[in-house]
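See structure below.
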Amino acid sequence: MSEDKLDHSRSFVPLNLAVLTVSDTRGLEDDKSGQTLATRISDAGHVVADRQIVKDDVPQIVGLLTKWIDNPNIDGVISTGGTGLTGRDVTPEAFKSVFEKEIDGFSALFHRISYDKIGTSTIQSRACAGVAKGTYLFALPGSTGAVKDAWDGILKWQLDYRYQPCNFVEIMPRLREHEGITLRDKG
C-alpha cells in the first residue's frame with residue numbers, strides 16, 4: 001500500500017476511533033501497543049475518541065464494545081491484546097459475539113503482512129475484524145510490532161476516504177441500510 005493509491009481530489013474524512021487494550025497487567029503508563037495505536041491514529045488525522053484498558057474478560061470486553069457500538073460519535077474500535085492461544089486470550093470470542101458481519105479478509109491480509117515479518121509464528125494470532133451497528137471493530141495482537149503492521153499495512157489505508165479503488169470509509173453510510181439507518185444515526 002502506498003501514497004500512489006490516494007486520490008488527492010477527495011478530501012480526507014477524519015473518523016472517531018476508540019482504542020481498547022485488553023490486558024491483565026498493563027496500565028496507561030506502560031501500554032506501549034495502545035499508545036502506538038493512539039499515536040498512529042492521531043498522526044493520520046483521525047480522532048482518538050476514547051481509550052480504555054480492560055482485563056482479559058469476555059463480559060468486560062463485550063460491555064465496553066457495546067457501549068462504543070451504541071455511541072453515535074464512535075466510528076470504529078481498534079483493540080490490542082488477547083488474540084493469542086492461551087487460556088486468558090478471549091478478545092476474538094468477545095468481538096465475534098457482537099459482530100453482525102465478520103471481515104474475513106482483514107485476518108487473511110494481516111497474516112500475509114505478518115508472515116513477511118515473523119514467518120510461521122503469525123499462525124498464533126487470531127486477529128479479526130467485523131462490523132456491528134455501523135461501527136467497525138478490529139482486534140489486533142498485543143505486540144507493538146503487530147499493531148504497527150496492522151495499522152501501517154491495512155488500517156491506515158482502509159480508513160482513509162481517499163484510498164482507491166475502495167475503502168471502508170466510503171461504505172460507512174451504507175452499513176445499516178438494511179435497517180433504514182444512516183451514518184451517525186446509530187442510536
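Determine the sum of side-chain charges near residue 113: Lys and Arg each +1, Asp and Glu each -1, restricted to other residues whose C-beta is under 11 angstrom from that of residue 113.
0
Once the piece of chain linking residue 112 and residue 93 is laid out straight, how much longer is it, given 0.36 nm per residue of separation minus the C-alpha distance between them? Write down the numbers at each step before the final one.
Numbers: separation 19, 0.36 × 19 = 6.84 nm, distance 2.21 nm.
Between residue 112 and residue 93, full extension yields an extra 4.6 nm.
Given the peptides 81-87, 144-150, arrange them by the average over their residues of other C-beta atoms within 10 Å, most packed first. Could you put the intermediate results ahead of the total?
Numbers: 81-87: 17.7, 144-150: 20.3.
Put in order of decreasing packing, that is 144-150, 81-87.
Let's test the formula: R0 of 30 Å, r as the Cβ-Cβ distance of residue 178 and residue 9. What FRET efficiency results, to the nearest 0.05?
On the way: r = 31 Å, r/R0 = 1.03.
Step by step, r from the Cβ atoms, then E = 0.45.
Which residue, 177, 102, 93, has the most motion in a Gaussian network model of the chain that connects Cα atoms within less than 10 Å?
Ranking 177, 102, 93 by mean-square fluctuation puts 177 first.
Within the chain, which complete DSSP H helices have Cα atoms spanning at least 18 Å along the helix axis and a mean Kyte-Doolittle hydropathy of -0.5 or higher? Could you put the intermediate results ahead of the total?
Details: long enough: 104-118 (21 Å, -0.11).
Helices meeting the span and hydropathy rule in the chain are 104-118.
Would you kindly derive the ³J(HN,Hα) couplings of region 21-29 from the backbone phi angles with the Karplus curve 6.51 cos²θ - 1.76 cosθ + 1.60 (θ = phi - 60°), listing them in order in whole Hz, with x for Gly and Pro?
My calculation for region 21-29 gives 9, 9, 6, 8, 10, 8, x, 4, 5 Hz in order.
Given Cβ point charges of +1 (Lys, Arg) and -1 (Asp, Glu) and nothing else, what value in debye, to the nearest 20, does the dipole of the chain about its Cα centre take?
On the way: 22 positive and 26 negative charges, 12 e Å.
Result for the chain is approximately 60 debye, rounded to the nearest 20.
To the nearest 500 deg cm²/dmol, what mean residue ellipticity at 222 nm is calculated for the chain from DSSP H runs of n ≥ 4 alone, each contributing -39,500 (n - 2.57), summed and divided by the residues? Show your work: numbers first, answer last.
Working: 6 runs with 58 residues, N = 187.
That calculation yields -9000 deg cm²/dmol at 222 nm.
Give me the number: length gained by fully extending residue 73 to residue 25, i.e. 0.36 nm times residue separation minus the C-alpha to C-alpha distance, one decimal in nm. All intermediate terms of the calculation are to be shown ahead of the outcome.
On the way: separation 48, 0.36 × 48 = 17.28 nm, distance 2.92 nm.
Full-extension gain reported as 14.4 nm.
Return the percentage of antiparallel bridges among DSSP beta bridges fully within the chain, rounded to the nearest 5 %. Walk me through the numbers on the way to the answer.
On the way: 8 of 25 bridges.
Given both bridge residues lie in the chain, the antiparallel proportion sits at roughly 30 percent.
Here, each number is a calculation from the coordinates, and none is a lab measurement. Here the structure is a predicted model, which is why all the values come from computation and not from measurement. In this analysis, Cβ positions are derived from the backbone assuming ideal geometry, glycine residues included, and neighbour counts consider all displayed protein chains.
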